[in-house]
Amino acid sequence: MKKLIALVMVAFCAMAGCSSDSAVDTAKKMIADGRAECILVRDNEIVAFESGGGVNPLLHLYDTAADKMAGATVVDKVIGRAAAFIAINGGATAVYGELMSQDGAELLAAHNIAVSYGTMVPRILNRNRDGLCPLEQSVLGFDDPVAALEALRARIAEMQQQ
């Protein structure tokens, strides 16, 4: 699987653009500066962005800008398995995560989505860092992106009621 991720990362530059003046670089700077948590880049232009916590910005873009996500590069602060399923459902062709889990990278690569990241971690932890993120837990064991998205939404709704 590591070879597959490496091959997909090489493809990322070709798809997302790796010039020093690319929109992906601008999107990365927006995340570093705290101006956004999730940005969609298409044809070397930023077409949408959102702020917020967790997977909410990516999920909001999926819900409100699906036409812009299809064929786009997703640049996000954190990409784990839950976020990967959103990108897959949205039809993204490349994903950059400032922080990316090994599981998220493998899932994206298995769906032929180009992968790149700032820092790779084994898994995305909860806020206390004493266990797996509850949204990551909600999609464990899923292979079907549509079913995983339903499980993710159910978990988010459950957490909002608490």
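Structure data summary
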item: Residue check, Asp103 in a helix (DSSP H, G or I), without any contact (Cβ under 8 Å) to a residue 40 or more places away in the chain and over 19 Å from Asn56 (Cα atoms); result: yes
item: Those residues of the stretch 122-138 which are under 23 Å from Thr73 (Cα atoms) and touching a Gly at 6+ places or on another chain (Cβ under 9 Å), in sequence order; result: Arg123, Ile124, Leu135, Glu136
item: Those residues of the stretch 122-161 which are free of Cβ contacts under 8 Å to residues at least 40 places away in the same chain and acidic (Asp, Glu), in sequence order; result: Asp130, Asp143, Asp144, Glu150, Glu158
item: Boolean, Arg153 is touching a strand residue (DSSP E or B) at 6+ places or on another chain (Cβ under 8 Å) and either modelled with pLDDT of 95 or more or within 21 Å of Ser22 (Cβ to Cβ) (or both); result: no
item: Subset of the stretch 65-100 [surrounded by fewer than 22 Cβ atoms within 10 Å (Cβ to Cβ), polar (S, T, N, Q) and not in a helix (DSSP H, G or I)]; result: Thr93
item: Selected residue [out of contact with any helix residue (DSSP H, G or I) (no Cβ under 8 Å at 6 or more places or on another chain) and closer than 22 Å to Val41 by Cβ] from Leu107, Leu125, Leu99; result: Leu99
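The values are calculated or read from the model by the stated rules, or taken from the named source; none is laboratory data. Nothing here was measured: the structure is a model prediction, and the numbers come from that model. FYI the Cβ positions are ideal-geometry reconstructions off the backbone, even for glycines, and counts take in every protein chain you see.
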